[in-house]
Amino acid sequence: MSEENLKSMNDLVAMCKRRGFIFQSSEIYGGQGGFWDYGPLGVELKMNVKNRWWRAMTLRRNVVGVDSAIIMHPETWKASGHVDGFIDPLVDCKNCKARFRADQIDLSASCTNCGESGTFTEPRDFNLMFKTQIGPVEDSAATAYLRPETAQGIFVNFNNVQGTMRQKLPFGIAQIGKAFRNEITPGNFIFRQREFEQMEMQYFVKPGVQMEAMEEWKQARWKWHLDNGLRSDHLQWEPHGPDNLAHYADAATDIEYKFPHGWGEMEGIHSRTDFDLSQHQQFSGKNLNYVDQLDGNKKYIPYVIETSVGLDRTILALMCDAYRLENAGDKENERVVMKFHPKIAPIKFAVMPLMKKPQLEEVATKLFADLQENYLGEYDVAGSIGKRYRRQDEIGTPFCLTVDFDSLEDNSVTVRDRDTMTQERISLDKVKSYLAERL
Ligand code: GAP
């Protein structure tokens, strides 16, 4: 049997649309660049990943969660440096009006869109934050921003969380939520979007121990990606050297995934010093010091290790990694199969009566209801059994359970494994434990 990994993003985009994972946003109006909608299977996949991240964070005794507002006080973004510094240099092609990030193209070469040479405008600064206004009066005093990262919602709640949860250093605050960036060149499917979701955690530590904490989080985050089923040879570290370290960071590294378009950042792990809390203390005038009772009530601003992973990029990596084309070109045996880790798979099982016959459906419906108490499944009675298997393979369902005429005699079903396609007979009363062991 031959097996190919995903070769082109277009194949994945087509599968996602065909099977209900991800759709172009506002598709009936022609779509909107940089925005995507998750369909019924995509949203389940997303939920599974979010839950795994949330549990990995908050099951630690010293990490708690928040869910802060998307629109924050505009001063937040002055303090964080985004108003002045969250800027990309932008150029336009004078001929075709296509826009590019000046740092991503060769300004002395021809336009990659229309082929004209020497047509670029001078680079000008473009702030990536989406602006909006609060209240009915459109003046600059009412200007607000859609958050470009969830992190600042954590920093401004530092005192609230530390006080109410009686946290002692080291402790972390986790948040999952939408972020918005008016990217000049969105693309590569959901890799670079204008609206996306982040899963961020800020870990507050005593100054001086940040490198130790960073090492601990690097290991934990790498392991998390492997536990989701990503192949280790598709992951790499990309440490930031002194030239590309943000001005507030004293160390930073990314976890990159090998996407079809090349290696790309999926997660950043940054040692952000006391920059953010110090800035918020200065801009808000509120005291954000921590009183260290274990160190003679010394007061200081904690240092921070941040882990920041894109939910959509994690989903993209998981889908690229899971995608397999088997027996390409062999019409009878060709299949696309999404080899998701069973814990990630959106649908865990499918129950299929061999035919649309009341006796079979009676057993199948009962089995389905019984399993659905614990796992999300599909009930499929339409079309040939081969076609039904192919559909479940393509959406990554680990187990298909077929009820046939023998089932009426022996109270057993055929369980088919997605990856090996092997089939075994399992007694109806053992199916639940069979799935429990494997899911
Ligand atoms: N708080 C730190 C921060 O926001 P970042 O490197 O700008 O750092 C963190 O973003 C993660 O968010 C990235 O590693 C990536 O996974 C995701 N991300 C950033 N911009 C994105 C975009 N335009 N579309 C999708 N995901 C994005």
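Read-outs: derived from the displayed coordinates by stated rules, not from any lab. Quick caveat: nothing in here was measured; it's all calculated off a predicted structure. Cβ sites come from the backbone with ideal geometry, for glycine too, and all protein chains shown count toward neighbours.
Some observations on this one:
- Each label point was placed 7 Å from the Cα along the Cα-to-Cβ direction; for Asp233 and Arg60 their separation is 3.1 nm.
- Restricting the stretch 106-182 to GluC sites (Glu not before Pro) in coil, as DSSP defines it, with at most 16 other Cβ within 10 Å: Glu116, Glu138
- The listed peptides 241-249, 426-434, 316-324, 287-295, ordered by packing as a protection proxy, come out as 316-324, 426-434, 287-295, 241-249 (highest mean of other Cβ atoms within 10 Å first).
- Shape call, the stretch 114-168: gyration tensor on alpha carbons, a/c limit 1.5: oblate
- Binning all Cα-Cα separations of the stretch 133-265 at 10 Å, short to long from zero, yields these whole-percent fractions: 9, 28, 39, 18, 6, 0.
- Evaluated with a Cβ-only charge set (Lys, Arg +1; Asp, Glu -1), the stretch 347-438 carries a dipole of roughly 280 debye about its Cα centre, given to the nearest 20.
- Extent along the principal axes, Cα only, for the stretch 296-378: 76, 39, 16 Å, with the longest axis given first.
- What you get for the stretch 293-357, charging only the Cβ of Lys and Arg (+1) and of Asp and Glu (-1), is a dipole of about 360 debye around the Cα centre.
- With Cα atoms, 0 to 90° folded angle of helix 210-227 axis to the chain main axis: 20 degrees
- Dividing the mean sequence gap of close Cα pairs (under 8 Å, 6+ apart) by how many residues the stretch 276-338 holds gives a relative contact order of 17 percent.
- Rounded if a/c under 1.5, otherwise prolate or oblate - the stretch 1-77, Cα gyration tensor axes: oblate
- The chain, dipole about Cα centre (Lys/Arg Cβ +1, Asp/Glu Cβ -1), debye to the nearest 20: 740 debye
- Relative contact order (percent, whole number), the chain, Cα cutoff 8 Å, 6+ residue spacing: 14 percent
- Scaled to the globular estimate 2.2 N^0.38 Å, the Cα spread of the chain, given as radius of gyration, is 1.15.
- Lone cysteines, the chain (no partner Cβ under 4.7 Å): Cys16, Cys320, Cys400
- Shape of the stretch 347-438, Cα gyration tensor, a/c cut at 1.5: rounded
- The residue list Gly262, Gln282, Met165 was ranked by how far each Cα lies along the charge dipole of the chain toward its positive end, using unit charges on Cβ atoms, and Met165 comes out on top.
- Considering only beta bridges that DSSP places wholly inside the chain, some 85 percent are antiparallel.
- Considering helices alone, the calculated mean residue ellipticity of the chain at 222 nm is -9000 deg cm²/dmol, with DSSP H runs of length four and up weighted by -39500 (n - 2.57) and normalised per residue.
- Residue among Leu371, Ser412, Phe399 farthest towards the positive dipole end of the stretch 347-438, charges placed on Cβ: Phe399
- Axis angle, to the nearest 10 degrees, between helix 385-395 and the longest C-alpha principal axis of the chain: 10 degrees.
- Between 0 and 90°, nearest 10: helix 358-372 axis offset from the chain longest Cα axis: 30 degrees
- Once backbone amide H atoms are built at 1.01 Å from N, Phe191 has no partners under 5 Å, excluding neighbours fewer than 5 places away on the same chain.
- Most mobile listed residue (His341, His73, His240) in the chain, GNM with C-alpha springs under 10 Å: His73
- Furthest towards positive pole of dipole, Asn10, Asn182, Ala213, structure part the chain, Cβ charges: Ala213
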